[in-house]
Amino acid sequence: MKKIKVKDKEFALSIEAAEIEKAVVRLADQINKDMEGKVPLFIIILNGAFIFASDLLKKLNLPCEITFVKLSSYTGTKTTHTVRELIGLDEVLKDRSIIIIEDIIDTGITIGHTIETLKHLDAREVKVATLLFKPKAFQKSFDIDYIGIKIPNDFIVGYGLDYDGFGRNYPDIYKIVE
């Protein structure tokens, strides 16, 4: 099995790039169908979702706007359970169709916080698209509209996901070797 080292930790191959690509195509097809006749605003959660968002948005065949927010709730391999907004939203959301693009949803703390913020800004609808979802780690009750791949509760890197800022550049996804 293919392994990599990121900083002081070893990771083993978990999801190959070809499987990721299939999930991205499936999600794009679903969003194209659901958003037909609408002009959604895509809000990309930085830093992790930038690669997924780029691949997904290139496959959409609808008019849309794109913006970014930078949020943080992790230090090292653990969640802090506190969401820090590092770069905020500057668009008017009243009566807009919003799709949040996230790389991974585990506890749901970051996205739950974001959904509540957007609802207070009078968005018409707020949907969530995530490449990866950890059902066993999920602690919230909101709906996730677009899920690419369900995964176990492992710490992972690659395809935009990081360990202390490192490992985002790999085309595959790797899980930590304990």
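The values are calculated or read from the model by the stated rules, or taken from the named source; none is laboratory data. As the structure is a computational prediction, the values presented were derived from the model and not from experiment. A quick note on method: Cβ atoms are made from the backbone with ideal geometry, for glycine too, and the neighbour counts reach across all protein chains shown. To get the accessible areas, we keep the full protein, side chains included, count just its heavy atoms, and leave off ligands, DNA and RNA. Shrake-Rupley method; radii C 1.70, N 1.55, O 1.52, S 1.80 Å.
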From the phi of every residue in region 169-176, what ³J(HN,Hα) in whole Hz does the Karplus formula 6.51 cos²θ - 1.76 cosθ + 1.60 yield, where θ is phi - 60° and glycine or proline is x? 7, 6, x, 9, 10, 10, 9, 5
In order through region 134-139: 3J(HN,Hα) via Karplus (6.51 cos²θ - 1.76 cosθ + 1.60), integer Hz, x for Gly, Pro: 10, x, 6, 9, 5, 10
Would you calculate a helix-derived [θ] at 222 nm for the chain, using -39,500 (n - 2.57) for each DSSP H run of n ≥ 4 and dividing by the full residue count, to the nearest 500? -6500 deg cm²/dmol
Sparse-neighbourhood loop sites, GluC sites (Glu not before Pro) in region 1-33 - DSSP loop, at most 15 other Cβ within 10 angstrom: Glu16
Per residue, accessible area of region 26-75 with a 1.4 Å probe, heavy atoms of protein chains only, in Å², comes to 48
Could you order Arg168, Arg124 so the one with the most accessible surface comes first? Probe is 1.4 Å. Arg124, Arg168
